[in-house]
Amino acid sequence: MTKEGGLTFLSSFKDRPDEGKPREKLEKYGPKGLSLWELVAIILRTGERHKGGHFEDVEELSRRLLAEAGFKGLFAQRDILETTDQYQVYKSHAEILVAISEIHRRLKGNFGIFDASEPSKIFDQLKSLQKAKQEQCHVLHIDKHKKCTFSEMVALGGQNTVAVSFSDVLRTPLWLGTSEIIIVHNHLGKTKPSKADISWTLALAEGAWHMHHIKISDHIIIGSDGYCSFQEKGLL
């Protein structure tokens with residue numbers, strides 16, 4: 001630790017006074033008093049020694065991971081080995097990041113994997129929307145095996161309409177790296193799609209693919225008479 005004028009320069013994490021370290025600051029000021037790297041440092045707990053003997057303390061490690069992955073990206077990890085290799089971290093640190101990422105996914109949406117290979121199977125999973133009192137819009141994340149791995153309600157409307165922006169639909173797929181999604185929304189009456197339903201879906205599908213390479217493989221409307229699949233009707 002060196003001083004120059006009125007400033008104090010810290011050469012390493014160990015040089016920080018105890019009251020300036022993340023755990024002590026958390027106890028004194030609460031979580032809102034911490035920066036992003038300090039929150040990450042509390043989770044990781046320790047730094048790492050790399051090949052060649054270079055030691056990366058927990059502050060350096062936390063700052064590097066945030067710079068390389070971004071805050072949201074850091075907590076969107078799915079595979080321990082991939083995280084270890086991509087960010088050059090200990091397996092124990094990769095396990096922590098993957099576990100927290102999964103907790104976040106489960107809190108944010110529904111983590112019930114089911115067969116989404118046919119519209120009828122999706123209807124069976126979401127037929128409770130027939131009893132809903134308001135129109136809702138849901139986004140299903142589809143993997144390469146045609147399984148729904150994640151779903152979330154992105155908008156809640158009134159009895160006759162629900163306002164949904166393209167960003168509402170695409171925000172989480174972009175964040176999680178999903179390449180195929182299915183839109184599901186309900187009508188309080190019959191399932192026949194309106195002109196607005198059709199034009200909105202076609203515009204979304206075109207934009208999602210050309211801008212982000214996300215495929216909108218179907219839009220399913222659930223209503224009192226069952227369901228209507230844009231894919232089965234040749235509308236998409």
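Every number in this text was worked out from the coordinates using simple rules, so none of it is lab data. This one's a predicted model, so the numbers in the text were calculated from it and none came from an experiment. Reconstructed Cβ throughout: ideal geometry from the backbone, glycine too, with neighbour counts over all protein chains shown.
Residue by residue, segment 215-221 carries 3J(HN,Hα) couplings of 8, 8, 7, 6, 10, 10, 9 Hz when phi is fed to the Karplus relation 6.51 cos²θ - 1.76 cosθ + 1.60 (θ = phi - 60°); x denotes Gly or Pro. The relative contact order of segment 114-229, computed from alpha carbon pairs under 8 Å that lie at least 6 residues apart in sequence, is 28 percent.
Output needed for the chain: three equivalent-ellipsoid semi-axes, defined as square roots of 5 times the C-alpha gyration tensor eigenvalues, in descending order, whole Å.
46, 19, 15
Rounded to 0.05, the FRET efficiency of the Ile113 and Phe55 pair, given R0 = 30 Å and the Cβ-Cβ distance, is 0.15. Here the extension length gained between Arg171 and Gln86 equals 28.2 nm, from 0.36 nm per residue of separation less the Cα-Cα distance. A cut-off of 5 Å between modelled amide H atoms, ignoring neighbours fewer than 5 places along the same chain, links His187 with Ile222, Gly223. You can think of it this way: the chain between Asp143 and Trp209 has 22.2 nm of extra reach, that is 0.36 nm per residue less the Cα-Cα gap. When both segment 41-68 and segment 181-236 are represented by their alpha-carbon centers, they are found 46 Å apart. Taking one quarter of the surface of the C-alpha convex hull of segment 87-205 gives a mean projected area of 8.6 nm². Note on Phe55, Phe123: ascending count of other Cβ atoms within 10 Å places them as Phe55, Phe123, the fewest first. The stretch between Arg45 and Leu235, if pulled fully straight at 0.36 nm per residue, gains 63.1 nm over its current Cα-Cα span. DSSP bridge analysis restricted to the chain gives an antiparallel fraction near 75%, rounded to the nearest 5. Neighbour counting of Cβ atoms within 10 Å sorts the residues His104, His219, fewest neighbours leading, into His104, His219. Its DSSP H runs of at least 4 residues, each contributing -39,500 (n - 2.57), put the calculated 222 nm mean residue ellipticity of the chain at -12000 deg cm²/dmol, to the nearest 500.
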